[in-house]
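The values are calculated or read from the model by the stated rules, or taken from the named source; none is laboratory data. Everything quoted here is computed from the prediction, not taken from an experiment. Here the Cβ positions follow ideal geometry from the backbone for every residue, glycine too, while neighbour counts run over all protein chains shown.
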Protein chains: 2
Amino acid sequence: MTISSAIDALVPLLGDRLARSKSELDHHGGSESYFPLTPPDAVAYPVSTQEVAAIVRICADHKCPVIGWGAGTSLEGHGLAINGGISVDFARMNRVLEINPEDMDIRVQPGISREALNDELRATGLFFPVDPGANASLGGMASTRASGTTTVRYGSMRDNVMGLEVVLADGRIIRTGGRARKSAAGYDLTRLFVGAEGTLGLITELTLRLHGQPAAVSSAVCAFDSIDGAVASVIEAIQLGVPVARIELVDAATAAAVNAYSGMDFPEKPHLLLEFHGSDSAVQEQAETVGEIVVDHGGDGFRWSTLPEDRNRLWKMRHDAYRAILASRPGARAIVTDACVPISKLAEAIAETRADIDRTGLTAPILGHVGDGNFHAILMIDESNAAEVDAAKALSGRLAERALRLAGTVTGEHGVGYGKLDYMQAEHGEGWAVMTQIKKALDPDGIMNPGKVIRRN
Amino acid sequence: MTISSAIDALVPLLGDRLARSKSELDHHGGSESYFPLTPPDAVAYPVSTQEVAAIVRICADHKCPVIGWGAGTSLEGHGLAINGGISVDFARMNRVLEINPEDMDIRVQPGISREALNDELRATGLFFPVDPGANASLGGMASTRASGTTTVRYGSMRDNVMGLEVVLADGRIIRTGGRARKSAAGYDLTRLFVGAEGTLGLITELTLRLHGQPAAVSSAVCAFDSIDGAVASVIEAIQLGVPVARIELVDAATAAAVNAYSGMDFPEKPHLLLEFHGSDSAVQEQAETVGEIVVDHGGDGFRWSTLPEDRNRLWKMRHDAYRAILASRPGARAIVTDACVPISKLAEAIAETRADIDRTGLTAPILGHVGDGNFHAILMIDESNAAEVDAAKALSGRLAERALRLAGTVTGEHGVGYGKLDYMQAEHGEGWAVMTQIKKALDPDGIMNPGKVIRRN
C-alpha cells in the first residue's frame, strides 16, 4: 500500500503531530457543503517549511496524495481526500513573520486566519482587505483565489498576493514574486499558484499587499421594489467610477431570513448594502452620488451613516446571511452557486435564475457581490430527499451554463475543487488541456490534491 | 536546413505577405537598445488568428524559431531573432473587434497601438490607462507585462488584461480568462501568458479592462534641492493613500536635457511631476494634500493646474525625456536600467546608483515611476568606445544586484528578453527551473522566441 508505507515513514518525522484518530480524520474529510465524507488516512501538523518539504518528499517517494488544509471553509470540496492520503493542516504555521509598514506589505504563514491577521494589523493603520465572509486561512484564500465583499474596490487574492513560498510536488522549495510593487522578470508564478488549489504545490508563506485604513468610512443601505432597480443602480455607480468599497445585493428572501436570525427589521425587499472609504469629504461625496443614483432607479429610504455601530451591524448581518438562510430551514444543507458575469448581463442572469428557481419550487435566496457581477443562489436541500437534491444539482448546472452563455464564469470566487470540475471543459475548452499539461509538468505522479481542478489520470 | 524548409512551406500560405528584403529583415532584427543586429530569415504578416496558427504549425513541423513583433519598442531585445527564424509582425492585425462600454471592456487584435486604441475610445468616455511612454502595440505590452506612468493608480498589463486568445507552439488556439471581472475557475493562464514574452505562444487577441475618463484632471510639478526630499514626498503620499494617477521623478540631469530638447525652463534640480484624477473636489483635495507634503520635504514652488495645455506640455516633456537624454549626446546609444524596489528602499537605491554612476564617470540621467519604486538610469554610451560600454554593462550589473539586495527586481517593466537573462537565476533561484519546466511542457522543441526568458537548451 503506497499510502500506508508513506504513513510509516511520516511517523518518525512527526510523532504525535501525525494524527489518525477518527474524529481528526472525519474533520478533515468533511466540508460545509453537500459532499460526502471523504477522510484522509492521516493528518499532518507541520511547524515549518522544511517539515512540509520533508512530508511532501516522503509522499512523493510513496506516490501518496497530499492535500492542504486551512480553515476548512471551502464550499467546493477543495480539502476532501477523495483518493485518501495525507491532509497537511497548517494550523501550527499561523504566524506573522515580518511587517513592513512603510511598504505596506506583510509576510505570513499560510495558517493565519483573516481575522487574526487584521487583529495583528490594527495598531499599524493598515489592513488586509480581502474578505470572503468566512474566517478562512490566508493559505486557503490564496489557493482558491478568494475574493468577497471588498473586491470591487481592493481586488481579490490575485491582486493582493505579492509573493509566495511554495513546496513543490518533489519537495523543492521555491519563492515567487517579491516585495517590489511590480516586476516584469519572467513568468508570473505567483499568479499561477494563486488559484491552483494546492494541485501544483503547497503554499508555505505569503507576502501580502496591505492598504491604509481609510480616514473615514460610511455605510449605506437602500431597499428596492425590484432587483432590476438595485442592479441598474450598481451598474451606474460602477460606470460613473464611484470607488465604492463594498456594494452588496441581498434579495427579499435573504432580508426575511436575516430579520428572523439577527433580529433586524429590514423591509422584505431587495436591498443594496454599501460602504464608502476615503477622506471625510470623499466619503460624503460618494454617498451623495450613490444616493442620487438609487433614487433614479426606484430605491427607497437610502440611509447612510458614519457611525461604526451602524456599519458593524450591517456587515455582521451580511456575513451572517449564509447562516441565517441555513437556519431558515432547520436540518437543510446548501448548494451555493457562484456565477459571475459581465455587469451588463447581471440583471438578466439574476432574473433568469430567479425564474428558474421559482419553476423548480426550491427555496433559494440570492445574494452577491454585485459590483463584480458575482452572485450566489443558496439552494436549500433536504439531503434525504433525492428528488430535491437532483433538482438542485440540475438547477446549479443550468446556472453554470447560463453564466457561460452570458460571457461569464462558473465560479467567481469559490473555486473549482471537486464541485465545479464538470464545467471546466465548457468554460476553458482547450485551455483546460493546457492546465493539464502544466499539472503534469509540475506534478507528474499526480500526488498534489488529486482530482481537483484537473481530472485525475 | 529547418528554417529554409519552413520558409518554402510558408510562401504558398502567405505570398507577398512573407517579406525577405534586406530592409525588412534588418528592421526586424534591430532594436532601440545596444544589441547587435540579429535579423530573422523572413517576416510574416498574418491577417487572422487562423493564419497565425498555420504559420506556427509549419514552423513547428520544421522546428523553425517563431518570434512575435509588435511596434519594435522593446528595450531588452525581445524581438531579436538570435537563432534566426520567422518574425511574425502583427501590423495587419490591428483592429478593435468589440467594445462593451457598459462593462468597460474591449477586445482588440495585438497589433493595435496604445495611441490608436485610445483614439478609438475617445468618444466613449473610457480610456485604457497603461502608458509605457513609447507607442507600443498592445500585444507587445501584454507580452512584456508593460506598465508605466499611470501604474501607481491603474495597475500594469497584469491588472488590465482580462483575457487572451493565444496560438500555442503546436498551433492550437486557446482562449484564457474572459469578460467576468473575476473568476476562480482554475489556473490563471491569462497571467501566465502576460509577461511570457512570446516564449509560450503568440497572443492573437486581447480583452482589456477600460476605465472611465476622470471628470477632472489636474497636474502638478515641484522642484527639490535633493532627490531624497522628492522620494520622501512620494513615500508619504503613497502611505497616506492619496490616489495619485501619476507620480514621476526626473533628476537634475534629465531636467537639463529636456530644457535643451523641448525648450522648457525647469530649474536644473530634481522634480516630481504629478497628475490627479477624480471629481473636481477630489482632484483639488489630492493636490492640496500633496502640496502640503512636498513643502514638508523641502519642495519648492509646487504649481498645480487644471489646464489641459499645462498638463499636455508636462507629459509631452516626460514622454520626450528619453529622446531628450539621447539628444544630449549626439550619436550615443543608451543602456536603460530598470530596477524596482520596495518604496522604503527607493531613496537608498537611487543614492547608491547616483554615487556609482559618478564614480564611473558615465553620463546617466535618472528618472522613474517612483510611486511604484521603479526607476531608470539612462546610461549613455559611445558604442565605439569599448571601455565605456564595458563600464556601463558593469554598472548595470551592479544595479541589478543592488535591486535584489534591497528586496526588489532586476526589471520593473522592461522585461527579461535577451538583456536580463543573466540575472534570472539570481532573482528566482529554483523558481527559474520551474519556469523552464513550464516552457518545456508547452514548447518542447523550443521554437517560441528561443533564448528569451528561458535559456535555450
Are any of the residues in the stretch A:340-348 at pLDDT 95 or above, over 18 Å from A:A237 (Cβ atoms), in contact with a strand residue (DSSP E or B) (Cβ under 9 Å, 6 or more places away or on another chain) and aliphatic (A, V, I, L, M)? no
The listed residue being small (G, A, S) and either more than 13 Å from chain B (Cβ to nearest Cβ) or touching a strand residue (DSSP E or B) at 6+ places or on another chain (Cβ under 7 Å) (or both), out of A:G397, A:G415: A:G397
Positions within the stretch B:92-125 being in a loop (DSSP other than H, G, I, E, B), within 14 Å of chain A (Cβ to nearest Cβ) and of a type in the set (A, V, I, L, M, F, W, C), in sequence order: B:M104
Within the stretch A:424-438, tally of residues that are under 22 Å from the mean Cα position of the chain (by Cα) and at the interface with chain B (Cβ under 8 Å from one of its Cβ atoms): 5
Residue that is of a type in the set (D, E, K, R) and crowded, with 24+ Cβ neighbours inside 10 Å, where the choices are B:R209, B:R145, B:R153, B:R175: B:R145
Criterion violated by A:D159 - all others in (1) surrounded by fewer than 24 Cβ atoms within 10 Å (Cβ to Cβ); (2) among the charged types (D, E, K, R); (3) not assigned by TED's automatic domain parsing to the domain that holds A:T207 satisfied: (3)
Checking the condition in contact with a strand residue (DSSP E or B) (Cβ under 7 Å, 6 or more places away or on another chain) and facing chain A (nearest Cβ under 8 Å), which residue from B:R175, B:R158, B:R145 passes? B:R175
Leading residue by the ranking (nearest to the other protein chains (Cβ to nearest Cβ)) among those in the stretch A:222-244 that are under 24 Å from the mean Cα position of the chain (by Cα) and not in a helix (DSSP H, G or I): A:P243
Residue check for B:T73: in contact with a Gly (Cβ under 6 Å, 6 or more places away or on another chain), more than 20 Å from B:R175 (Cβ to Cβ) and surrounded by fewer than 24 Cβ atoms within 10 Å (Cβ to Cβ): no
Please name all residue pairs, on different chains or six or more residues apart, with Cβ atoms under 9 Å, provided the first residue is in the stretch A:40-61 and is closer than 12 Å to A:I3 by Cα and in the same structural domain as A:I203 (by TED's automatic domain parsing) and the second residue is outside any loop (DSSP other than H, G, I, E, B) and at pLDDT 95 or above. none
Test each condition in (1) within 27 Å of A:G84 (Cβ to Cβ); (2) surrounded by 16 or more Cβ atoms within 10 Å (Cβ to Cβ); (3) away from chain B (no Cβ under 13 Å) for A:R456 and report the one that comes out false. (2)
Go through (1) within 30 Å of A:P36 (Cβ to Cβ); (2) buried (at least 16 other Cβ atoms within 10 Å of the Cβ); (3) among the charged types (D, E, K, R) for A:R323 and report which single condition fails. (2)
Given the conditions (1) within 9 Å of another protein chain (Cβ to nearest Cβ); (2) surrounded by fewer than 24 Cβ atoms within 10 Å (Cβ to Cβ); (3) part of a loop (DSSP other than H, G, I, E, B); (4) out of contact with any strand residue (DSSP E or B) (no Cβ under 9 Å at 6 or more places or on another chain), every one holds for B:G195 apart from (2)
Determine which member of the set A:G291, A:G298 is surrounded by fewer than 22 Cβ atoms within 10 Å (Cβ to Cβ), outside any helix (DSSP H, G or I) and at pLDDT 90 or above. A:G298
